[in-house]
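Notes for the one structure printed next.
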Amino acid sequence: MAETTLFELVSPERLIISKDVSMVVVPGSEGLFGVLPRHTSMLSALAPGVVDIYEEGVITEQLFVVNGFAEVTGDRCTVLAEDVIPIEDLNPDELEEKIEQMRVDAQNTSEETSIRLNALIAQKEVVLQAMRIVRLK
Amino acid sequence: MPNLKDLKVRINSVKSTQKITSAMKMVAAAKLRRAQEYAEEARPYSARMDRMIATLAGKMNDVGGPKLLAGTGKSDSHLLVVMTADRGLCGGFNSSIVRATRKRIAQLKNDGKQVKLVCVGRKGSDQLQREAGELITESLEGITRGKIEFSAVADIGARLINMFEAGDFDVCTMIYNKFQSAMTQIVTEQQIIPASIPESESDEDTVGMYEYEPDESAILAELLPKNVSTQLFSALLENTASEHGARMTAMDSATRNAGEMIDKLTLTYNRTRQAFITKELIEIISGAEAL
């Protein structure tokens with residue numbers, strides 16, 4: 001029996017990937033973890049980072065995920081992510097510009113919205129850092 | 001006797017109305033197809049989210065759990081999220097939602113509860129303005145124009161959660177139209193805060209076997225706010241599909257009615273024309289006879 005795991009990547013808009021793979025590496029909030037068939041059941045929050053999909057020993061797809069969760073059982077691995085970006089389309093500079101723009105906005109608005117914006121900026125910076133690391137690889 | 005020219009003008013105006021309604025029907029049909037696709041594509045996410053929450057909630061029940069799940073312990077103040085369309089001309093779509101909302105408000109007030117409203121969609125806030133204007137804390141529009149972005153909905157979700165944490169309300173319910181088919185939409189009330197727990201489909205013994213990273217409560221604390229946004233998002237998608245469905249049906253019947261009216265008017269027009277001719281002939285003949 002050639003063992004595979006059913007890997008599903010889902011964003012709020014649609015089901016992006018659903019296929020049988022030999023292994024996936026998922027960026028858990030406590031560190032990367034690989035999922036092979038018959039993995040123990042677990043639920044994990046995700047850190048912004050790259051999901052590597054292995055088929056027959058080689059990486060066939062890499063996707064950057066933001067704000068997600070993974071559910072792993074013996075025969076499947078489901079990743080829910082709010083943002084999914086194929087690694088080729090990653091553009092940290094664009095995000096950096098956006099953050100800069102938000103900083104400017106945050107200074108020019110009421111206190112309440114600026115607190116909200118600052119929280120958002122902090123989130124985006126973590127994402128940006130993760131993106132930069134990906135690019136460096 | 002009706003004037004021939006007036007009849008002609010009326011026939012023409014009904015004809016142009018018919019053209020407009022049939023064009024609107026086509027547009028609504030095309031939009032409906034797309035909206036339905038979006039709604040279907042979004043289903044896997046909410047289904048899996050439900051599954052995770054069910055798994056987690058099963059474990060948390062004994063310990064109490066965070067406020068988003070367990071509630072504030074009272075239900076004095078209710079927030080209703082009313083989802084309508086931004087535009088009219090879609091049959092009973094908006095008014096059925098508004099009617100359900102009014103009923104709900106009256107019922108809650110009878111029970112001595114406080115009611116607040118958040119209107120998504122312009123028509124809802126317009127129609128509720130007169131009798132419940134002071135209850136509307138926020139009204140949003142333009143979200144359903146074009147494709148609904150999850151990030152925009154997540155923003156609303158975050159705002160609701162902020163209000164909840166500030167103690168502005170205890171229970172949040174959304175009212176929207178669930179898409180059944182192009183002909184039928186079902187007005188649905190769904191409680192989103194505190195989260196209504198979906199029935200766990202997995203067996204009891206598998207529930208306990210999960211490992212959690214970082215730990216149950218941390219995951220749940222992250223998952224629950226997302227769940228609010230996800231529920232809002234899927235409700236909005238359903239609502240948009242329903243809106244286009246309702247508009248398509250309404251425009252279809254408007255087109256048919258216009259057709260009937262044209263037939264009737266044309267008949268009257270022809271009758272009148274014949275009557276005129278007959279009258280003229282009689283005049284000529286009687287004139288000739290008189291000579």
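FYI, it's all coordinate maths here, none of it is from the lab. Quick caveat, the model's predicted, so the values are computed rather than measured. No Cβ is skipped: glycine too gets one built from the backbone with ideal geometry, and neighbour counts run over all protein chains shown.
Any chance you could check the Cα centroid distance between the stretch A:11-30 and the stretch B:134-202 for me, in angstrom?
Here the two parts' Cα centres lie 27 Å apart.
Quick one: divide the alpha-carbon radius of gyration of the protein assembly as shown by 2.2 N^0.38 Å and tell me what you get.
Compactness ratio reported: 1.33.
Just counting partner chain Cβ atoms within 10 Å, what average do the residues of peptide A:61-68 show around their Cβ?
Mean partner shielding for this stretch: 1.
Taking B:Lys116 as the anchor, which aspartates and glutamates have their alpha carbon closer than 12 Å to its alpha carbon, excluding any fewer than eight residues away along the same chain?
B:Asp76, B:Glu134, B:Glu138, B:Asp168, B:Asp170
If the cut-off is a Cα-Cα distance under 18 Å, which aspartates and glutamates reach B:Lys279, setting aside same-chain residues fewer than 8 apart in sequence?
Once the sequence-local aspartates and glutamates are set aside, what remains near B:Lys279 is B:Glu289.
How many Å³ per residue does the convex hull of the Cα positions in the stretch B:32-250 occupy?
125 Å³
Excluding B:Leu80 itself, what net charge comes from residues whose Cβ is under 10 Å from its Cβ, given Lys and Arg +1 and Asp and Glu -1?
Local charge sum for B:Leu80: +1.
Excluding B:Ala158 itself, calculate the net charge of residues whose Cβ lies under 11 Å from the Cβ of B:Ala158, where each Lys or Arg counts +1 and each Asp or Glu counts -1. Let's see the in-between values first.
Values: positive: A:Arg116, B:Arg159, B:Lys226; negative: B:Asp155, B:Glu165.
Its environment carries a net charge of +1.
Got the relative contact order for chain A handy, in percent, Cα pairs under 8 Å and 6 or more residues apart?
In percent, rounded to a whole number, it is 20.
Quick one: helix A:111-136 against the long Cα principal axis of chain A, what's the angle to the nearest 10°, folded into 0 to 90?
Relative to chain A, helix A:111-136 is tipped by roughly 50 degrees.
Quick one: putting +1 on the C-beta of Lys and Arg, -1 on the C-beta of Asp and Glu, what dipole do you get for chain B around its Cα centre, in Debye to the nearest 20?
That gives a dipole near 2080 debye.
Under a 10 Å cutoff between Cα atoms, tell me which one of B:Ala235, B:Ala57, B:Ala85 has the largest fluctuation in the Gaussian network model of chain B.
B:Ala57
Rank A:Arg76, A:Arg116, A:Arg38 by mean-square fluctuation in a GNM of chain A with C-alpha springs under 10 angstrom and give only the top-ranked residue.
Of A:Arg76, A:Arg116, A:Arg38, the Gaussian network model singles out A:Arg116 as fluctuating most.
What is the helix-to-structure angle for A:92-107, meaning the angle in degrees between its Cα long axis and the longest Cα principal axis of chain A, kept from 0 to 90 and rounded to the nearest 10?
The answer is roughly 40 degrees.
Quickly rank B:29-36, B:41-48, B:271-278 as a protection proxy: mean count of other C-beta atoms within 10 Å, highest first.
Descending packing order for the listed peptides: B:41-48, B:29-36, B:271-278.
Taking only C-alpha pairs under 8 Å that are 6+ residues apart, what is the relative contact order of the stretch A:91-136 in percent?
Over the stretch A:91-136, the number comes to 46 percent.
Straight-line reach from B:Lys264: which lysines fall under 22 Å, measuring Cα to Cα and dropping same-chain residues less than 8 apart?
Correct list for B:Lys264: B:Lys5, B:Lys8, B:Lys15, B:Lys19.
Taking chain B as a Gaussian network, Cα atoms linked when under 10 Å apart, which of B:Ser242, B:Ser22, B:Ser13 shows the biggest mean-square fluctuation?
In this elastic network of chain B, the residue with the biggest mean-square fluctuation among B:Ser242, B:Ser22, B:Ser13 is B:Ser13.
Can you tell which of A:Val58, A:Ser41, A:Thr78 lies farthest toward the positive end of the dipole of chain A, using +1 and -1 charges on the Cβ of basic and acidic side chains (Lys, Arg; Asp, Glu)?
Looking along the dipole axis, the top candidate is A:Ser41.
When only C-alpha pairs under 8 Å and at least 6 residues apart count, what is the relative contact order of chain B, in percent?
Reported relative contact order: 33 percent.
Against the longest alpha carbon principal axis of chain B, how many degrees, from 0 to 90 and to the nearest 10, is the axis of helix B:216-290 turned?
The two axes meet at around 10 degrees.
Enumerate the whole-percent occupancy of each 10 Å bin, from 0 to the last occupied one, for all C-alpha pair distances of the stretch A:5-88.
20, 60, 20, 0
When you count, for each residue, the other Cβ atoms within 10 Å and take the mean per peptide, how do A:17-28, B:219-230 rank with the highest first?
So the order, starting with the most tightly packed, is B:219-230, A:17-28.
Give me the percent of Cα-Cα pairs in the stretch A:91-136 that sit more than 15 Å apart, rounded to a whole number.
When all Cα pairs of the stretch A:91-136 are counted, 42 percent exceed 15 Å.
Run the dipole for the stretch A:1-131 about the Cα centre, Lys and Arg Cβ at +1, Asp and Glu Cβ at -1, nothing else charged, and hand back the magnitude in debye, nearest 20. Don't skip to the end; give the middle numbers.
Values: 8 positive and 24 negative charges, 78 e Å.
Using Cβ point charges on Lys, Arg, Asp and Glu, the stretch A:1-131 gives about 380 debye.
At 0.36 nm per residue, minus the direct Cα-Cα distance, what do A:Ile133 and A:Thr40 gain on full extension? Give it in nm, one decimal, please.
That works out to 30.6 nm of additional length.
Based on Cβ point charges of +1 for Lys and Arg and -1 for Asp and Glu, what charge dipole magnitude is obtained for the stretch A:91-136 about its Cα centre, in debye rounded to the nearest 20? Don't skip to the end; give the middle numbers.
On the way: 6 positive and 9 negative charges, 42 e Å.
Using Cβ point charges on Lys, Arg, Asp and Glu, the stretch A:91-136 gives about 200 debye.
List, in the order given, every pair from A:Lys124/B:Lys67; B:Lys109/B:Lys226; A:Lys19/B:Lys178; B:Lys103/B:Lys226; B:Lys25/B:Lys147; B:Lys67/B:Lys147 whose Cα-Cα distance in the structure shown is over 22 Å. Provide the component values of the computation, followed by the final result.
Values: A:Lys124/B:Lys67 27 Å; B:Lys109/B:Lys226 30 Å; A:Lys19/B:Lys178 31 Å; B:Lys103/B:Lys226 30 Å; B:Lys25/B:Lys147 19 Å; B:Lys67/B:Lys147 32 Å.
Check vs 22 Å cut-off fails for A:Lys124/B:Lys67; B:Lys109/B:Lys226; A:Lys19/B:Lys178; B:Lys103/B:Lys226; B:Lys67/B:Lys147.
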